[in-house]
Amino acid sequence: MIKHTDISTLGEIGLIERVRQIVDIRVDDATIHERLILGISDDTAVFRPDPGKVMLLTTDSFIEGVHFDLTFTSLRHLGWKAMAANLSDIAAMGGSPRYAVVSLSLPKKVSIEMVDEFYAGAIAACKRYSFLIVGGDMSASMGNIAITVALTGEAKEEQVLYRKTAKPGDLLCVSGHLGASHAGLKVLQREKQRYHDAPDPATFKPNLEQYTLALEKHLMPKPRFDISALLAGRVTTHAAIDISDGLASEVHRICTASGVGAKVYEHNIPLDSVTRNIAIEFSESPTDYALFGGEEYELLFTMEDAEFEKLESLTSDATIIGRITEQSEGIRLVKESGEEEELKAIGWRHF
(Lines give C-alpha, C1' and ligand atoms only; values in the text may rest on other atoms or scores of the structure.)
Protein backbone atom coordinates (compact mmCIF):
# COMPACT_ATOMS: atom_id res chain seq x y z
CA MET A 1 0.00 0.00 0.00
CA ILE A 2 1.33 3.45 -0.94
CA LYS A 3 2.14 5.55 2.09
CA HIS A 4 0.01 8.69 2.51
CA THR A 5 1.45 11.37 4.78
CA ASP A 6 -0.75 14.42 5.21
CA ILE A 7 0.91 17.66 4.10
CA SER A 8 -0.27 19.27 7.33
CA THR A 9 2.41 17.27 9.17
CA LEU A 10 4.99 19.48 7.45
CA GLY A 11 3.06 22.66 6.75
CA GLU A 12 3.83 25.07 3.92
CA ILE A 13 7.31 26.03 5.15
CA GLY A 14 8.29 22.41 5.77
CA LEU A 15 6.99 21.32 2.36
CA ILE A 16 8.87 24.13 0.60
CA GLU A 17 12.08 23.09 2.37
CA ARG A 18 11.47 19.49 1.32
CA VAL A 19 11.01 20.58 -2.29
CA ARG A 20 14.12 22.81 -2.07
CA GLN A 21 16.18 19.77 -1.16
CA ILE A 22 14.60 17.69 -3.95
CA VAL A 23 15.34 20.27 -6.68
CA ASP A 24 18.89 20.99 -5.47
CA ILE A 25 20.50 18.96 -8.26
CA ARG A 26 23.39 19.22 -10.72
CA VAL A 27 22.77 19.18 -14.47
CA ASP A 28 25.25 18.62 -17.28
CA ASP A 29 25.36 22.25 -18.44
CA ALA A 30 27.74 23.88 -15.93
CA THR A 31 26.82 27.40 -17.09
CA ILE A 32 23.34 26.92 -15.60
CA HIS A 33 24.91 26.73 -12.13
CA GLU A 34 27.50 29.45 -12.76
CA ARG A 35 24.84 32.02 -13.70
CA LEU A 36 22.55 31.20 -10.78
CA ILE A 37 23.20 33.56 -7.86
CA LEU A 38 20.27 32.53 -5.65
CA GLY A 39 17.66 29.80 -5.93
CA ILE A 40 14.90 28.88 -3.48
CA SER A 41 15.53 30.94 -0.34
CA ASP A 42 14.29 34.49 -1.01
CA ASP A 43 11.45 36.41 -2.65
CA THR A 44 12.85 35.71 -6.11
CA ALA A 45 15.54 33.66 -7.75
CA VAL A 46 18.52 35.65 -9.05
CA PHE A 47 20.64 34.80 -12.08
CA ARG A 48 22.94 36.49 -14.62
CA PRO A 49 21.72 36.40 -18.25
CA ASP A 50 24.33 35.43 -20.80
CA PRO A 51 25.68 38.44 -22.76
CA GLY A 52 24.78 38.48 -26.46
CA LYS A 53 21.63 36.42 -26.05
CA VAL A 54 17.93 37.14 -25.65
CA MET A 55 15.86 35.81 -22.77
CA LEU A 56 12.78 33.68 -23.47
CA LEU A 57 9.90 33.26 -21.02
CA THR A 58 6.92 30.91 -21.23
CA THR A 59 4.28 29.51 -18.91
CA ASP A 60 1.68 26.73 -18.96
CA SER A 61 -1.00 25.57 -16.55
CA PHE A 62 -2.30 22.06 -15.94
CA ILE A 63 -5.66 21.73 -14.20
CA GLU A 64 -6.96 18.39 -12.96
CA GLY A 65 -10.10 17.43 -14.86
CA VAL A 66 -9.19 19.72 -17.77
CA HIS A 67 -5.63 18.78 -18.70
CA PHE A 68 -5.12 15.50 -16.86
CA ASP A 69 -6.96 12.64 -15.20
CA LEU A 70 -5.33 11.09 -12.13
CA THR A 71 -7.09 7.83 -12.90
CA PHE A 72 -4.48 7.10 -15.55
CA THR A 73 -1.86 9.82 -15.09
CA SER A 74 0.72 9.21 -12.37
CA LEU A 75 2.14 12.16 -10.44
CA ARG A 76 5.58 11.30 -11.85
CA HIS A 77 4.28 11.48 -15.42
CA LEU A 78 2.49 14.70 -14.54
CA GLY A 79 5.72 16.27 -13.25
CA TRP A 80 7.49 15.41 -16.48
CA LYS A 81 4.65 16.57 -18.70
CA ALA A 82 4.21 19.90 -16.91
CA MET A 83 7.86 20.61 -17.69
CA ALA A 84 7.66 19.23 -21.24
CA ALA A 85 4.86 21.61 -22.25
CA ASN A 86 7.04 24.60 -21.38
CA LEU A 87 10.20 23.05 -22.76
CA SER A 88 8.49 22.56 -26.12
CA ASP A 89 7.72 26.29 -26.29
CA ILE A 90 11.42 27.08 -25.75
CA ALA A 91 12.38 24.53 -28.41
CA ALA A 92 9.94 26.10 -30.87
CA MET A 93 11.77 29.42 -30.46
CA GLY A 94 15.18 27.86 -31.10
CA GLY A 95 16.29 28.34 -27.50
CA SER A 96 17.73 26.42 -24.58
CA PRO A 97 15.94 26.12 -21.22
CA ARG A 98 17.42 27.74 -18.11
CA TYR A 99 15.30 28.20 -14.97
CA ALA A 100 11.75 27.19 -13.97
CA VAL A 101 9.37 28.19 -11.20
CA VAL A 102 6.55 25.83 -10.23
CA SER A 103 3.29 26.78 -8.51
CA LEU A 104 1.11 24.07 -6.98
CA SER A 105 -2.44 24.32 -5.61
CA LEU A 106 -3.05 21.14 -3.65
CA PRO A 107 -6.31 19.71 -2.28
CA LYS A 108 -6.47 17.60 0.87
CA LYS A 109 -6.24 14.31 -1.05
CA VAL A 110 -2.63 15.08 -2.08
CA SER A 111 -0.01 13.57 0.22
CA ILE A 112 3.65 14.37 0.79
CA GLU A 113 4.50 11.20 -1.14
CA MET A 114 2.46 12.42 -4.12
CA VAL A 115 4.34 15.74 -4.10
CA ASP A 116 7.61 13.77 -4.02
CA GLU A 117 6.47 11.79 -7.07
CA PHE A 118 5.53 14.96 -8.95
CA TYR A 119 8.97 16.42 -8.36
CA ALA A 120 10.66 13.14 -9.28
CA GLY A 121 9.14 13.50 -12.75
CA ALA A 122 10.01 17.19 -12.91
CA ILE A 123 13.62 16.55 -11.89
CA ALA A 124 13.94 13.81 -14.51
CA ALA A 125 13.10 16.50 -17.10
CA CYS A 126 15.57 18.92 -15.49
CA LYS A 127 18.38 16.39 -15.80
CA ARG A 128 17.42 15.37 -19.33
CA TYR A 129 17.23 18.95 -20.68
CA SER A 130 19.71 20.73 -18.37
CA PHE A 131 17.64 23.34 -16.55
CA LEU A 132 16.87 24.05 -12.89
CA ILE A 133 13.78 24.62 -10.77
CA VAL A 134 14.59 27.76 -8.76
CA GLY A 135 11.33 28.73 -7.06
CA GLY A 136 7.57 28.78 -7.17
CA ASP A 137 4.54 28.90 -4.90
CA MET A 138 2.30 26.53 -2.96
CA SER A 139 -1.25 26.92 -1.75
CA ALA A 140 -4.20 24.87 -0.63
CA SER A 141 -6.98 24.11 -3.10
CA MET A 142 -10.64 23.60 -2.28
CA GLY A 143 -11.08 21.74 -5.56
CA ASN A 144 -8.66 19.92 -7.84
CA ILE A 145 -4.91 20.03 -8.34
CA ALA A 146 -3.67 23.05 -10.28
CA ILE A 147 -0.11 23.35 -11.59
CA THR A 148 1.51 26.33 -13.25
CA VAL A 149 5.07 26.27 -14.54
CA ALA A 150 7.00 29.27 -15.86
CA LEU A 151 10.28 28.63 -17.66
CA THR A 152 13.00 30.92 -18.92
CA GLY A 153 15.26 30.13 -21.84
CA GLU A 154 17.99 31.74 -23.88
CA ALA A 155 18.67 32.01 -27.60
CA LYS A 156 21.06 33.86 -29.85
CA GLU A 157 19.11 36.85 -31.08
CA GLU A 158 19.82 36.15 -34.74
CA GLN A 159 18.66 32.54 -34.36
CA VAL A 160 15.30 33.02 -32.64
CA LEU A 161 12.51 31.23 -34.52
CA TYR A 162 9.23 33.12 -34.85
CA ARG A 163 5.85 32.07 -36.18
CA LYS A 164 5.30 35.38 -37.99
CA THR A 165 7.89 35.05 -40.76
CA ALA A 166 6.61 32.29 -43.07
CA LYS A 167 6.77 33.22 -46.77
CA PRO A 168 4.72 32.14 -49.79
CA GLY A 169 6.58 29.35 -51.55
CA ASP A 170 8.01 27.91 -48.32
CA LEU A 171 7.74 24.22 -47.65
CA LEU A 172 5.53 23.38 -44.66
CA CYS A 173 7.22 20.68 -42.56
CA VAL A 174 6.89 18.76 -39.31
CA SER A 175 9.16 16.76 -37.06
CA GLY A 176 8.38 13.22 -35.96
CA HIS A 177 5.01 11.49 -36.31
CA LEU A 178 1.64 12.98 -35.44
CA GLY A 179 -1.55 11.74 -33.79
CA ALA A 180 0.10 9.37 -31.31
CA SER A 181 -0.64 11.44 -28.20
CA HIS A 182 -4.36 11.58 -29.00
CA ALA A 183 -4.31 7.86 -29.79
CA GLY A 184 -2.72 7.15 -26.40
CA LEU A 185 -5.34 9.27 -24.65
CA LYS A 186 -8.15 7.37 -26.39
CA VAL A 187 -6.76 4.05 -25.14
CA LEU A 188 -6.39 5.34 -21.57
CA GLN A 189 -9.94 6.69 -21.56
CA ARG A 190 -11.27 3.38 -22.88
CA GLU A 191 -9.44 1.37 -20.22
CA LYS A 192 -10.74 3.71 -17.52
CA GLN A 193 -14.28 3.00 -18.71
CA ARG A 194 -13.59 -0.74 -18.79
CA TYR A 195 -12.38 -0.51 -15.19
CA HIS A 196 -15.58 1.26 -14.11
CA ASP A 197 -17.70 -1.31 -15.97
CA ALA A 198 -15.83 -4.37 -14.65
CA PRO A 199 -17.85 -6.71 -12.41
CA ASP A 200 -14.86 -6.90 -10.04
CA PRO A 201 -12.60 -3.81 -10.39
CA ALA A 202 -10.11 -5.35 -7.94
CA THR A 203 -9.16 -8.02 -10.50
CA PHE A 204 -9.33 -5.74 -13.56
CA LYS A 205 -6.28 -5.77 -15.83
CA PRO A 206 -5.98 -2.96 -18.42
CA ASN A 207 -5.12 -3.83 -22.01
CA LEU A 208 -2.11 -1.56 -22.62
CA GLU A 209 0.90 -3.59 -23.76
CA GLN A 210 0.46 -3.21 -27.52
CA TYR A 211 -0.04 0.55 -27.25
CA THR A 212 3.25 1.48 -25.53
CA LEU A 213 4.47 3.97 -28.13
CA ALA A 214 1.22 5.95 -28.10
CA LEU A 215 0.97 5.88 -24.30
CA GLU A 216 4.53 7.17 -23.93
CA LYS A 217 3.83 9.97 -26.41
CA HIS A 218 0.85 11.07 -24.33
CA LEU A 219 2.27 10.61 -20.83
CA MET A 220 5.94 11.47 -21.42
CA PRO A 221 6.28 13.65 -24.53
CA LYS A 222 9.82 14.53 -25.61
CA PRO A 223 10.37 18.18 -26.63
CA ARG A 224 12.25 18.33 -29.93
CA PHE A 225 15.42 20.19 -29.00
CA ASP A 226 17.30 17.95 -31.41
CA ILE A 227 15.33 19.33 -34.36
CA SER A 228 15.21 22.84 -32.89
CA ALA A 229 19.00 23.01 -32.74
CA LEU A 230 19.17 22.21 -36.45
CA LEU A 231 16.46 24.69 -37.39
CA ALA A 232 18.09 27.51 -35.44
CA GLY A 233 21.74 26.80 -36.06
CA ARG A 234 22.33 24.65 -39.13
CA VAL A 235 19.69 25.66 -41.70
CA THR A 236 17.68 28.78 -42.47
CA THR A 237 14.17 28.44 -41.08
CA HIS A 238 11.54 31.07 -41.83
CA ALA A 239 8.94 30.21 -39.16
CA ALA A 240 8.33 27.63 -36.44
CA ILE A 241 5.80 26.67 -33.76
CA ASP A 242 5.29 23.67 -31.50
CA ILE A 243 2.29 21.42 -32.03
CA SER A 244 0.42 21.54 -28.74
CA ASP A 245 -3.18 22.06 -29.84
CA GLY A 246 -3.27 19.96 -33.02
CA LEU A 247 -1.63 20.37 -36.42
CA ALA A 248 -4.58 22.22 -37.97
CA SER A 249 -4.62 24.87 -35.24
CA GLU A 250 -0.87 25.41 -35.48
CA VAL A 251 -0.99 25.79 -39.28
CA HIS A 252 -3.63 28.46 -38.75
CA ARG A 253 -1.48 30.22 -36.15
CA ILE A 254 1.55 30.40 -38.45
CA CYS A 255 -0.60 31.57 -41.36
CA THR A 256 -2.42 34.21 -39.30
CA ALA A 257 0.80 35.56 -37.77
CA SER A 258 2.60 35.62 -41.12
CA GLY A 259 -0.27 36.83 -43.30
CA VAL A 260 -0.11 33.82 -45.63
CA GLY A 261 -2.13 30.81 -46.72
CA ALA A 262 -1.19 27.13 -46.87
CA LYS A 263 -1.90 23.81 -48.52
CA VAL A 264 -1.55 20.66 -46.40
CA TYR A 265 -1.41 17.33 -48.25
CA GLU A 266 -3.20 14.57 -46.36
CA HIS A 267 -1.08 11.76 -47.82
CA ASN A 268 2.13 13.45 -46.56
CA ILE A 269 1.11 13.69 -42.89
CA PRO A 270 3.40 11.28 -40.98
CA LEU A 271 1.50 8.67 -38.94
CA ASP A 272 3.02 5.60 -37.31
CA SER A 273 1.38 2.17 -37.48
CA VAL A 274 0.37 2.15 -33.79
CA THR A 275 -1.57 5.41 -34.24
CA ARG A 276 -3.24 4.11 -37.40
CA ASN A 277 -4.26 0.86 -35.71
CA ILE A 278 -5.69 2.64 -32.68
CA ALA A 279 -7.76 4.97 -34.87
CA ILE A 280 -9.09 1.98 -36.80
CA GLU A 281 -10.01 0.24 -33.51
CA PHE A 282 -12.12 3.27 -32.61
CA SER A 283 -13.56 3.49 -36.17
CA GLU A 284 -12.04 6.95 -36.50
CA SER A 285 -9.79 8.72 -38.98
CA PRO A 286 -6.01 8.55 -38.35
CA THR A 287 -5.69 11.84 -40.24
CA ASP A 288 -8.11 13.49 -37.80
CA TYR A 289 -5.92 12.33 -34.91
CA ALA A 290 -2.98 14.17 -36.47
CA LEU A 291 -4.89 17.26 -37.54
CA PHE A 292 -7.01 17.82 -34.47
CA GLY A 293 -5.40 15.91 -31.58
CA GLY A 294 -3.28 17.88 -29.14
CA GLU A 295 -0.21 17.55 -26.94
CA GLU A 296 2.11 16.34 -29.70
CA TYR A 297 5.01 18.69 -28.83
CA GLU A 298 6.51 18.14 -32.26
CA LEU A 299 7.60 21.14 -34.36
CA LEU A 300 5.86 22.68 -37.38
CA PHE A 301 8.14 24.86 -39.48
CA THR A 302 8.63 26.49 -42.87
CA MET A 303 11.70 26.88 -45.08
CA GLU A 304 12.83 27.07 -48.69
CA ASP A 305 13.33 23.87 -50.70
CA ALA A 306 17.13 24.14 -50.69
CA GLU A 307 17.21 24.47 -46.91
CA PHE A 308 15.08 21.36 -46.49
CA GLU A 309 17.59 19.45 -48.60
CA LYS A 310 20.26 20.53 -46.11
CA LEU A 311 18.03 19.46 -43.23
CA GLU A 312 17.50 16.04 -44.81
CA SER A 313 21.25 15.49 -44.71
CA LEU A 314 21.21 16.15 -40.95
CA THR A 315 18.11 14.23 -39.84
CA SER A 316 15.65 11.67 -41.16
CA ASP A 317 12.95 12.83 -38.75
CA ALA A 318 11.43 15.71 -40.72
CA THR A 319 8.63 15.51 -43.29
CA ILE A 320 7.25 17.91 -45.90
CA ILE A 321 3.47 18.11 -45.44
CA GLY A 322 2.61 21.05 -47.66
CA ARG A 323 3.43 24.48 -48.99
CA ILE A 324 2.89 28.07 -47.84
CA THR A 325 0.76 30.03 -50.31
CA GLU A 326 -0.54 33.55 -50.74
CA GLN A 327 -3.06 34.60 -48.11
CA SER A 328 -5.76 34.94 -50.76
CA GLU A 329 -5.61 31.18 -51.43
CA GLY A 330 -6.73 30.37 -47.89
CA ILE A 331 -5.73 27.42 -45.74
CA ARG A 332 -6.58 24.21 -47.58
CA LEU A 333 -6.36 20.47 -47.02
CA VAL A 334 -5.68 18.39 -50.14
CA LYS A 335 -7.30 15.01 -49.57
CA GLU A 336 -5.79 11.74 -50.75
CA SER A 337 -8.45 11.71 -53.46
CA GLY A 338 -7.08 15.00 -54.79
CA GLU A 339 -10.11 17.00 -53.68
CA GLU A 340 -9.49 20.17 -51.68
CA GLU A 341 -11.38 21.51 -48.70
CA GLU A 342 -10.95 24.23 -46.12
CA LEU A 343 -8.67 23.16 -43.28
CA LYS A 344 -10.55 24.19 -40.17
CA ALA A 345 -8.75 24.97 -36.91
CA ILE A 346 -10.58 22.37 -34.83
CA GLY A 347 -7.97 21.53 -32.23
CA TRP A 348 -7.95 21.70 -28.45
CA ARG A 349 -10.03 24.61 -27.23
CA HIS A 350 -9.88 25.94 -23.67
CA PHE A 351 -13.10 27.97 -23.91
Check: Which condition does S8 not pass, out of (1) surrounded by fewer than 14 Cβ atoms within 10 Å (Cβ to Cβ); (2) over 17 Å from S139 (Cβ atoms), if it passes all the others?
Finding: (2)
Note to self: Need pairs with beta-carbon distance below 8 Å; first residue within 11 Å of V115 (Cβ to Cβ) and within segment 3-31, second of a type in the set (D, E); sequence gap 6+ or separate chains.
What the structure shows: T5/E113; R18/D116; I22/D116
Next item on the list: Test each condition in (1) buried (at least 16 other Cβ atoms within 10 Å of the Cβ); (2) more than 25 Å from Y195 (Cα to Cα) for F72 and report the one that comes out false.
Entry: (2)
Item checked: Residue count for segment 1-49, restricted to those that are of a type in the set (A, V, I, L, M), over 19 Å from S105 (Cα atoms) and in contact with a Lys or Arg (Cβ under 9 Å, 6 or more places away or on another chain) -> 5
Item checked: Filtered residue count, segment 293-351, keeping only those that are assigned to a loop (DSSP other than H, G, I, E, B), in contact with a Leu (Cβ under 8 Å, 6 or more places away or on another chain) and of a type in the set (S, T, N, Q) -> 1
Note to self: Quick check on segment 92-108. Is at least one of its residues within 15 Å of the chain's Cα centre (by Cα), among the aromatic types (F, W, Y) and at pLDDT 95 or above?
What the structure shows: no
Checklist line | Among the residues listed as G179, G153, G233, G136, the single one being in the same structural domain as K263 (by TED's automatic domain parsing) and under 21 Å from the mean Cα position of the chain (by Cα) | finding: G179
Check: Restricting attention to segment 32-45, which residues are modelled with pLDDT of 85 or more and either touching a Cys at 6+ places or on another chain (Cβ under 6 Å) or exposed (fewer than 14 other Cβ atoms within 10 Å of the Cβ) (or both)?
Finding: H33, E34, I37, L38
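The values are calculated or read from the model by the stated rules, or taken from the named source; none is laboratory data. Since the model is a prediction, treat every value here as computed from it, not as a measurement. Cβ sites come from the backbone with ideal geometry, for glycine too, and all protein chains shown count toward neighbours.
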